[in-house]
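Beneath this line is the structure, given in structure tokens, with notes to follow.
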Amino acid sequence: MSDLTPNPDPHQDDLPQDPDRPAGEEEKDGLLDDLDVDPALASAVLEIEGHLAGEGWDQPARLYALVDTAALVRQEPVLAAQMGLDASSEQGSLTAVEQDQLPPDVPLEQVLETILWPAGVAGCAAVVERLVLPPGADTAVPEDPAEAEAFAREHPDRQEVRIVAGATRDGSTYCALRLRAHDDDQSVVGGADLVPGLLALLRATLEEDEGMTETTADRTEQPGGTA
């Protein structure tokens, strides 16, 4: 049994409206220059983003466990070999392990509110595509969720964005955003706090639960895939 699958545990945070971000001009290597950014986390998030960029748009939400690469090679040699990690030379790096496909009819926010990662997971990352509106448009968004979604889809200035957000147990966070209208690697926007609501939900899944026992963690299932 692997210890990379999250365990049930409710959390009650709301995901605020995603911010509208203009396309950036930085190369991906430049996205790691921020001194406040954890380079291992940023590299893992950007690797996920780059991998998914090749699969096109209109993709479902995804969830990843982030594990220490050297520990993964040592503790899960079969899984590591399947991922091409045959040596523990990547000291200090994180490897993304994709989880089972998320329920298509359940919003990502609700999924994150029901999970808690076991201790062997150093961090986690989530991917979701969203519609974002220009500044000021939020004042006209209807309160009813269905009406709000219709309002966003019909707004002439809407933008489609893919969000890849990650967090670690030590509190580090990183996001990578790609606009569909600027679908190239040079226009990916990266930063430590671009989508604070989603990051708060990810951090909550990594909080220690005093009621969680080692037995509970040992009952986790095999991960659904790898990145």
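The values are calculated or read from the model by the stated rules, or taken from the named source; none is laboratory data. If you're wondering where the values come from, they're calculated on a predicted model, not measured in any experiment. Don't worry about glycine lacking a Cβ; one is built from the backbone with ideal geometry, like all the others, and counts go over all protein chains shown. What goes into the accessible areas is simple: the full protein's heavy atoms, side chains included, and nothing from ligands, DNA or RNA. Shrake-Rupley method; radii C 1.70, N 1.55, O 1.52, S 1.80 Å.
If a residue must be crowded, with 19+ Cβ neighbours inside 10 Å and more than 25 Å from residue 119 (Cβ to Cβ), how many such residues does region 62-86 contain? The total comes to 0. The residue of region 180-190 that is nearest to residue 118 (Cα to Cα), among those that are in contact with a helix residue (DSSP H, G or I) (Cβ under 7 Å, 6 or more places away or on another chain) and outside any helix (DSSP H, G or I), is 190. Within region 149-162, the presence of at least one residue that is of a type outside the set (Asp, Glu), buried (at least 20 other Cβ atoms within 10 Å of the Cβ) and modelled with pLDDT of 90 or more is confirmed.
For (1) within 23 Å of residue 195 (Cβ to Cβ); (2) touching a residue at least 40 places away in the same chain (Cβ under 8 Å), each residue gets a yes or a no:
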site	(1), (2)
46	yes, yes
53	yes, yes
78	no, no
104	yes, yes
118	no, yes
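Against the test of being open to solvent by less than 20 Å² (accessible area, probe 1.4 Å), under 24 Å from residue 67 (Cβ atoms), over 14 Å from the mean Cα position of the chain (by Cα) and modelled with pLDDT under 80, the options 213, 220 yield a single qualifying residue, 220. In region 185-196, the residues that are open to solvent by 70 Å² or more (accessible area, probe 1.4 Å) reach residues that are among the small types (Gly, Ala, Ser) with C-beta atoms within less than 9 angstrom, at least six apart or across chains, in these pairs: 185/50; 185/53; 186/23; 186/24.
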